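Student: Starting off with a structure, shown below.
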Amino acid sequence: MEASLSVKRLEALWKEPSRFVDWLREPPQLVSGSELSNRMGLQVARAVTEEAAWRLRSVTVCNRVRAALDVMDRDGVVTVENFLDPSDFRLLLGEYEQSRADPHRHETPLGSNFMMEHCYANYAPRRYPNSMRLLRDNAFLLELAAAVSRRRKTYKPHVDFYTVYKPAPDAPYEDRDATQYSHPDRHFPCVKAFLYLADVTHEDGPFCYAKGSHRMSLDRLRFEYDYSVIWATHNSHRGRAGSSQNQLFTHLLADAAENWLKQHGMSCDPIVGRANTLIVSNNRGFHRRGTPTSGRPRPMVYMDFGYLQSRAQHLYPLLKYFYKHLEA
Ligand SMILES: O=C(O)CCC(=O)C(=O)O
């Protein structure tokens, strides 16, 4: 686990001890271990073990998600236009507007004149009742994520109002964040869902995905090996975000991902859509944030179902009592 990540989590726990469950809900990291262990094939062993376990798990698929699951099996990603009923979507937009003045929202610079704003609506469920009803408790999303991961339905996802924007819309900006480059999130099937809250065109930095790149194969294991060796070799001295060493680390990983995609005739293609378009993706596949050329913000709801692969998933029978209290 990265040291900086651990410090951030400890700080969050200090402020809100109830977030202990969130900590346990983190899935295993994409890469772990030393350079030597990865050179000896640790990452390949991790990926093969996860794939074997996934294949051996049985899955019950209800009719509601069958068609979407077929598309996700084939492409790794599915989009649903007009996901919410128009009147429900308006209620959600109202809560999004409210979230932009929420004192608990976080603003993180992604570069110069380039910001990301997060607000976890589920940390204040009474303030955002429609977001809870329409998204956190959404049966389609919960069942689809469980079916793709081949896991039992347990917890609910965070409902994160997530806006990427340029504070000075017409001024130049620089993106120094690694998610602008093609990358997989994990070495096992893991699901994220995004609901666009405004029309997102090619100019607005849409979510981009390489269809078909979610599958495990011998070639993908080769990628896992190369990526893990680069990661483990450079991770310990990658320095602070924005430093030249950190930029080198980011570019080496990005080049490895781009080269692999190119060799396999794939690319991360933009998924544009009108407001109220849902994207559900298996982020073992390669994806990235598109490059915005407009000055418009890109507002969306972001939901991460990675907890289905976490320690907390196995501890659910115990933790559910504590967790219910967080959802109230
Ligand atoms: O913001 C985006 O479009 C990309 C997000 C992403 O790369 C991620 O969640 O891993």
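The values are calculated or read from the model by the stated rules, or taken from the named source; none is laboratory data. Please read all numbers here as calculations on a predicted model, not as lab measurements. Reconstructed Cβ throughout: ideal geometry from the backbone, glycine too, with neighbour counts over all protein chains shown. What goes into the accessible areas is simple: the full protein's heavy atoms, side chains included, and nothing from ligands, DNA or RNA. Shrake-Rupley method; radii C 1.70, N 1.55, O 1.52, S 1.80 Å.
Student: Please calculate the 1.4 Å probe accessible area of Thr179, with all protein chains present, and give it to the nearest 10 Å².
Tutor: We get 60 Å² for Thr179.
Student: Would you work out the charge dipole size for the chain about its Cα centre, treating the Cβ of every Lys and Arg as +1 and the Cβ of every Asp and Glu as -1, and quote it to the nearest 20 debye? Could you put the intermediate results ahead of the total?
Tutor: Details: 44 positive and 38 negative charges, 223 e Å.
It works out to roughly 1080 debye.
Student: Considering segment 106-213, what Rg and Dmax in Å follow from its alpha-carbon atoms?
Tutor: So, for segment 106-213, Rg and Dmax equal 16.1, 48 Å respectively.
Student: When only Cα pairs under 8 Å and 6 or more residues apart are kept, what is the percent relative contact order across the chain?
Tutor: Numbers: 566 pairs, mean separation 100.7, N = 328.
Over the chain, the number comes to 31 percent.
Student: How large is the direction-averaged shadow of the alpha-carbon convex hull of segment 140-196, in nm²? Write out the running numbers ahead of the final one.
Tutor: Numbers: hull surface 23.1 nm².
Taking the Cα atoms of segment 140-196, their convex hull projects to 5.8 nm² on average.
Student: Here's a follow-up. Taking the Cβ of Asp219 as the centre, find all other residues whose Cβ is under 13 Å away and add up their charges (Lys, Arg: +1; Asp, Glu: -1).
Tutor: Working: positive: Arg215, Arg220, Arg222, Lys262; negative: Glu224, Asp226.
For residues surrounding Asp219, the net value is +2.
Student: Can you check what the net charge comes to around Met303, using other residues whose Cβ is under 12 Å from the Cβ of Met303 (Lys, Arg +1; Asp, Glu -1)?
Tutor: Values: positive: Arg136, Lys156, Lys192; negative: Asp137, Asp160, Asp304.
With Lys, Arg at +1 and Asp, Glu at -1, the net is 0.
Student: Based on Cα positions only, what radius of gyration and what Dmax would you give for segment 218-292, in angstroms?
Tutor: 15.0, 42
Student: Which loop trypsin sites (Lys or Arg not before Pro) in segment 110-160, with loop taken from DSSP, have no more than 10 other Cβ atoms within 10 angstrom of their Cβ?
Tutor: Taking segment 110-160 and a limit of 10 other Cβ atoms within 10 Å, the loop trypsin sites (Lys or Arg not before Pro) found are Arg126.
Student: Ok, one more. Pop out the ³J(HN,Hα) list for segment 110-118 in order, Karplus 6.51 cos²θ - 1.76 cosθ + 1.60 with θ = phi - 60°, rounded to Hz; leave Gly and Pro as x.
Tutor: Using θ = phi - 60°, the values come out as 9, x, 8, 6, 8, 10, 10, 10, 10 Hz.
Student: Considering only protein heavy atoms, with the full assembly of protein chains and a 1.4 angstrom probe, order Val200, Val61 by accessible area, largest first. Mind showing how you got there, number by number?
Tutor: Working: Val200 5, Val61 35 Å².
Accessible-area ranking of Val200, Val61, largest first: Val61, Val200.
Student: In debye, nearest 20: dipole of segment 136-210 around its Cα centre with unit charges on the Cβ of K, R (+) and D, E (-)? Don't skip to the end; give the middle numbers.
Tutor: Details: 10 positive and 11 negative charges, 161 e Å.
It comes to approximately 780 debye.
Student: Go ahead and set up a Gaussian network model of the chain, Cα springs under 10 Å, then flag whichever of Lys211, Lys262, Lys166 fluctuates most.
Tutor: Highest fluctuation of the listed residues: Lys262.
Student: What Kirkwood hydrodynamic radius, in Å, does segment 264-328 give when the mean of 1/r is taken over all pairs of distinct Cα atoms and then inverted?
Tutor: Values: mean 1/r = 0.0636 Å⁻¹.
Final number for the Kirkwood radius of segment 264-328 is 15.7 Å.
Student: Compute the distance from the alpha-carbon center of segment 190-240 to that of segment 271-324, in whole Å.
Tutor: 13 Å
Student: May I pose another question? Considering the dipole of the chain built from charges on the beta carbon (Lys and Arg +1, Asp and Glu -1) around the Cα centre, which of Met115, Phe322, Thr79 is farthest to its positive end?
Tutor: So the residue we want is Phe322.
Student: Looking at Ser228, Tyr209, Ser149, which one has the Cα that reaches farthest to the positive end of the dipole of segment 75-232 (charges on Cβ: Lys, Arg +1; Asp, Glu -1)?
Tutor: Most positive-ward Cα: Ser149.
Student: Still on this structure, please answer the following. Of all GluC sites (Glu not before Pro) in segment 25-87, which ones are in loop regions per DSSP and have a Cβ with at most 14 other Cβ atoms within 10 Å? Walk me through the numbers on the way to the answer.
Tutor: Values: sites: Glu35, Glu50, Glu51, Glu81; in loops: Glu81.
Filter output for segment 25-87: Glu81.
Student: Give the ranking of Asp160, Asp219 by solvent-accessible surface, highest area first, calculated with a 1.4 Å probe. Please report the intermediate quantities before stating the final value.
Tutor: On the way: Asp160 5, Asp219 80 Å².
Ranked list, largest accessible area first: Asp219, Asp160.
Student: Could you give P(r) for the chain, binned at 20 Å from zero, as whole percent values over all Cα-Cα pairs?
Tutor: For the chain, the binned pair fractions read 30, 63, 7 percent.
Student: Let me cross-check Cys119: its accessible surface, 1.4 Å probe, with only protein heavy atoms counted, in Å² to the nearest 10?
Tutor: The value for Cys119 is about 0 Å².
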